[in-house]
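The values are calculated or read from the model by the stated rules, or taken from the named source; none is laboratory data. Computed from a predicted model, the values in this text were never measured in an experiment. In this analysis, Cβ positions are derived from the backbone assuming ideal geometry, glycine residues included, and neighbour counts consider all displayed protein chains.
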Amino acid sequence: MRAVSIYADVFRHRELFASLFRRDLRAKYRGSVLGLAWSLLHPLVLMGVYLLVFSLLWRVASVGSSDYWLFLLCGLPAWVFFATAMQGSAPSLLENANLIRKVRFPRQLVPLSVVATNLVGFAVMLGFVVLLSLVRIPEARDTVLLSIPLGALFACIVAGTTLATASLNALYRDVEHILAALLLPWFFLTPILYSLEDLPGVDDYPAAEFVLHWVNFLTPPVEALRAVLFEGVAPATADTVYTAVAAVVALALGAFVFSRSDDRIAVEV
Amino acid sequence: METGAIRVDGVSRRFRVHAREIRTLKDLFVERGRPQGTDVWALRDVTLDVEPGEAVGFIGRNGSGKTTLLRVVAGIIKPTTGRIRTAGRIGSLLELGAGFHPDFTGRENVFLNGAIQGLRRADIRERFDEIVAFAEIEHAIDRPVRTYSSGMTMRLGFAIAAFLDADILLLDEVFAVGDEAFQRKCFARIHQFKDGGGTIVLVSHDAAAVQRLCNRAVLLDRGRVTFDGSTREATARYQSALADEVDPAEREAGLREWGSREATIESATLVGEEGAERLQFLSGEPFALEVGVHVRDALPPPRLQLELRDDDGVLVAGEAVSLGELGWSVGNGARRVRFDVPELPLADGRFHLRLGLTDDTGEHLYHQLDDALVFVVYPGGEQRGVVRFAGDWALEAKETTP
């Protein structure tokens, strides 16, 4: 199984992966006063900004709950993780071109290590939200721990899509720009700021709801995470199954695109 | 298969070359339906075995496929057809300091680079002092690499690769640069590796470098092996092949040196930054030409001309100076003329320097030397082609999305 060995290389070459991971983590914040603390602060600051704008300044009443701020926080970590990992790793193979052209090593480790650095931020945000939800939502006590396996499945989705995007970007340089242009509409098409059920227009356009829910592969994991964190209920079976299948499909797709382009990457970066 | 052996079995490698490079998805759509580009075979049916402990040189002109073959052996690219097998750890020195992160200190880069070359952290820690001592940068090891001179970067890059404990060492000719003393040290280290039973593959378009190290050489021409045997014979064939390509008119005349000889060019040397004479330079480094001129009769000050051509005979640069303007007065005797270039504007390749001495009008030729000097320039970074395109890159602000 080539697909499996592409990811197994991360463990087989864990020392190299750890070195790349350390480099990416530190290179990102090199020269800043707070240094490494930024990798923890950055996601928290980002969440704070969303909170300020969408919860305090621009009061949204659609959720019908007084804790809209917490509703928002439960959806944000997944989005921030996806967006930063995609943007960070898309150009990563090109940025390491001089290495890739001159040394033989498992090249998939380059984008995957960027995903790993963003995974740290995701874990911090998720941990923070779990704490808040334990305090504010008593019924979530039984379900918050489900966010760990759900988060792990989501990380697989991100790793797979990211690997595919980074490989394509090494061959076609406009992929990262297309991605940058896509992320903003994608954000609004993912139920982060709103809940799918509470959208007033959904009843009139069932097709639109279907697209938002099942074509956008970020929606089921986001909905599932919010069920366990905010509503304190087990995630819908359909969302859970979709998330698990999406994780496998994304990893397979990432491995497929990468192995198809691996040789060309060494020639063309 | 024995450790240190290389088996290349019927290896061919194809590259697809498009009239216009397809670099974006847009190109992919725009170019659809147009001719599919042409295939270029960089390697054709190459078969060779390298036994453990052998030192083999791949020689050939630019574009002969020697670097592609090295990259295939290194496992960086795959053969289109055929099979390649290697046994043991491969250390590759295709570019000194490849993958150094400029913002990281020398110490951090040693660990990162070692990890990329497949070394465990503990192994690197064990050899760390040796590496730093060899590179002679003890004083700068905790400074960011961007503050290093090109010489320091290269020394560190070589030291890491040299202490990798590889079974097979792949060398691109780049290693032959740097100051004379360090070059000797590099060669000593490589010989030590060879004596310890390591396999060496060296790629060069400079036959002399191959002769210093290898007893066997493989001559490549347009992707095919045209000779595989003793270095002496391979070099002779390579040089005669090069000579065949010299302008036929010049070859018929059989002249490399002519003129009326009232004034002659007695010597010509190239001098590097450190003041020593050499024939290998790194793109962008300081470079000086020193010419010894001897005037036999009481002549008005002569004029010195120089012409720089690449391996294909294309004129790269021409320059002339009236020695009178430099303060030469009428009279005979010997003088030295120096031409200083603060940053060598050449990028990559072998260059031929032609020197001429004429009277001040340029009409009467006293002495001309074709190929007065042949020297090699290696790219220090990402440069390709003949000319070094000096400039400053900058990153413009990037849009961000949530």
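Couple of notes before you dig in:
For every residue, the table says whether it meets (1) closer than 14 Å to B:Ala268 by Cβ; (2) assigned to a loop (DSSP other than H, G, I, E, B).
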{"position": "B:Ala317", "(1), (2)": "no, no"}
{"position": "B:Trp328", "(1), (2)": "no, yes"}
{"position": "B:Arg335", "(1), (2)": "yes, no"}
{"position": "B:Phe339", "(1), (2)": "yes, no"}
{"position": "B:Arg350", "(1), (2)": "no, no"}
{"position": "B:His367", "(1), (2)": "yes, no"}
{"position": "B:Val374", "(1), (2)": "yes, no"}
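- Residues being within 25 Å of the chain's Cα centre (by Cα) and surrounded by 14 or more Cβ atoms within 10 Å (Cβ to Cβ) are represented in segment B:117-127 by at least one member.
- Some residue of segment A:1-12 being at pLDDT below 75, part of a loop (DSSP other than H, G, I, E, B) and within 30 Å of A:Ser259 (Cα to Cα): yes
- The number of residues in segment B:352-402 that are of a type in the set (Gly, Ala, Ser), more than 24 Å from B:Ser204 (Cα to Cα) and away from chain A (no Cβ under 14 Å) comes to 5.
- Screening B:Thr80 against (1) closer than 22 Å to B:Ala217 by Cβ; (2) surrounded by fewer than 21 Cβ atoms within 10 Å (Cβ to Cβ); (3) of a type in the set (Ser, Thr, Tyr) leaves a single unmet condition, (1).
- Within the option set B:Gly356, B:Gly380, B:Gly391, being part of a loop (DSSP other than H, G, I, E, B) and in contact (Cβ under 8 Å) with a residue 40 or more places away in the chain holds for one residue only, B:Gly380.
- When the test is whether a residue is of a type in the set (Lys, Arg), closer than 30 Å to B:Gln183 by Cβ and surrounded by 12 or more Cβ atoms within 10 Å (Cβ to Cβ), B:Arg354 passes it.
- Of the strands (runs of 3 or more DSSP E) entirely within segment B:73-172, those holding at least 3 residues that are more than 9 Å from chain A (Cβ to nearest Cβ) and aliphatic (A, V, I, L, M) occupy B:168-172.
- Subset of segment A:107-144 that is in a loop (DSSP other than H, G, I, E, B) and either without any contact (Cβ under 8 Å) to a residue 12 or more places away in the chain or under 30 Å from B:Ala74 (Cα atoms) (or both) - its residue that is nearest to the other protein chains (Cβ to nearest Cβ): A:Arg107
- Taking the numbered list (1) loosely packed, with under 13 Cβ neighbours inside 10 Å; (2) within 16 Å of the chain's Cα centre (by Cα) in turn, A:Ala207 passes all entries but (2).
- All of B:Glu126, B:Glu136, B:Glu108 fail the test of being charged (D, E, K, R) and at positive phi, apart from B:Glu136.
- Selection status of A:Ser147, of a type in the set (Ser, Thr, Tyr), surrounded by 22 or more Cβ atoms within 10 Å (Cβ to Cβ), within 14 Å of chain B (Cβ to nearest Cβ) and in contact (Cβ under 8 Å) with a residue 12 or more places away in the chain: no
- Search result, residues across segment A:13-39 that are more than 14 Å from chain B (Cβ to nearest Cβ), in a helix (DSSP H, G or I) and at pLDDT below 70: A:Ser39
- Residues of segment A:182-220 satisfying the condition of being touching a residue at least 24 places away in the same chain (Cβ under 8 Å) and among the aliphatic types (A, V, I, L, M): A:Leu183, A:Leu189, A:Ile192, A:Leu193, A:Leu196, A:Leu199, A:Leu218
- Residues in segment A:241-253 that are surrounded by fewer than 24 Cβ atoms within 10 Å (Cβ to Cβ) and either within 18 Å of A:Phe82 (Cα to Cα) or in contact (Cβ under 8 Å) with a residue 40 or more places away in the chain (or both): A:Tyr242, A:Ala244, A:Val245, A:Ala246, A:Ala247, A:Val248, A:Val249, A:Ala250, A:Leu251, A:Ala252, A:Leu253.
- Qualifying residue in segment A:72-86 (condition: modelled with pLDDT of 90 or more, away from chain B (no Cβ under 14 Å) and more than 18 Å from A:Ser195 (Cα to Cα)): no
- In the set (1) crowded, with 18+ Cβ neighbours inside 10 Å; (2) closer than 24 Å to A:Leu199 by Cα; (3) of a type outside the set (Lys, Arg); (4) within 14 Å of another protein chain (Cβ to nearest Cβ), the condition left unmet by A:Leu52 is number (1).
- Per-region count, segment A:120-144, residues surrounded by 18 or more Cβ atoms within 10 Å (Cβ to Cβ) and more than 24 Å from A:Gly48 (Cβ to Cβ): 1
- Flag for B:Gly333 being on the phi > 0 side of the Ramachandran plot, away from chain A (no Cβ under 14 Å) and surrounded by fewer than 16 Cβ atoms within 10 Å (Cβ to Cβ): yes
- A:Arg104 falls short on exactly one of the conditions (1) within 14 Å of another protein chain (Cβ to nearest Cβ); (2) closer than 30 Å to B:Ala166 by Cβ; (3) in a helix (DSSP H, G or I), and that condition is (3).
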